[in-house]
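Q: Let me begin by handing over the structure; questions about it come next.
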Amino acid sequence: MTESKSEWMKMKPAEVEKLIVELHKESSSPAKIGLMLRDKHGIPKAKLIGKRITKILKDNKLLPLTEKKMSEDKITSLNTHIAKHKHDYTAKRSLTKSLWAVKKLK
């Protein structure tokens, strides 16, 4: 299956990338950006330009908000859970993996 630009899509890939970066700066998650592209701009999938939304954000050195927020929220909730349940080794492992992911993102 080849990725090609649809005939009815009027925007060029560079314009779509610029639009995605602008929408991200308005603090929109990648899922929300996809919905806005579909509903307001008539772009069914950003992948039609050859890249996914998260890949475009990473190429522009922007971290998707979901990854930032999810990792911070997950770490705080795991810390409170582990404080109550000291023998929950699965949660401890999950916390360790989350901390590795945050360290890798930085």
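Q: Quick test for you: out of 67, 15, 7, pick the one residue that is farther than 24 Å from residue 101 by Cβ and either of a type in the set (Phe, Trp, Tyr) or modelled with pLDDT under 80 (or both).
A: Details: 67 fails: farther than 24 Å from residue 101 by Cβ; 15 fails: either of a type in the set (Phe, Trp, Tyr) or modelled with pLDDT under 80 (or both).
So the residue among 67, 15, 7 that is farther than 24 Å from residue 101 by Cβ and either of a type in the set (Phe, Trp, Tyr) or modelled with pLDDT under 80 (or both) is 7.
Q: For segment 27-58, how many residues meet the condition of being surrounded by fewer than 14 Cβ atoms within 10 Å (Cβ to Cβ), at pLDDT 85 or above and farther than 13 Å from residue 16 by Cβ?
A: 2
The values are calculated or read from the model by the stated rules, or taken from the named source; none is laboratory data. Just so we're clear, the structure is a prediction, and the values are computed from it rather than from any experiment. No Cβ is skipped: glycine too gets one built from the backbone with ideal geometry, and neighbour counts run over all protein chains shown.
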